[in-house]
Amino acid sequence: MAIAHEGRTTSMVEQQTAKVPSLAYMGIAVGAMAASAALLFTGRKQLANFVGQWAPSILIVGLYNKVAKELAIPRATGYGTA
């Protein structure tokens, strides 16, 4: 369900990301943290820092996905309605 003032691209992106479970973003972020730690322990500090910075971005995308889902499909309890 697209909001009338949103662009076509935004609606397409939200439709595709809505298919991804919210827990997947958490798993990918934890994987990035583990990969960063492994790279750090192998002495590749710059690459470890680069990969480690993915986690917050992935979590923010996951949060956006969760909020967009909540606003698109209001629950019967009334939450998610504006």
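Values in this text are rule-based calculations from the coordinates and carry no lab data. Keep in mind that what you see is a predicted model, and the values were worked out from it rather than measured. All Cβ positions, even for glycine, are placed from backbone atoms using ideal geometry, and neighbour counts span all protein chains on display.
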Tell me the Kirkwood hydrodynamic radius of the stretch 28-72 in angstroms, computed as one over the mean inverse distance between distinct C-alpha pairs. 11.2
Just grab the label-to-label distance for LYS66 and VAL13, each label 7 Å out from Cα along the Cβ direction, in nm (one decimal). 2.0
Efficiency by 1/(1 + (r/R0)^6): what FRET value for GLU6 and PHE50, r their Cβ-Cβ distance, R0 = 25 Å, to the nearest 0.05? 0.15
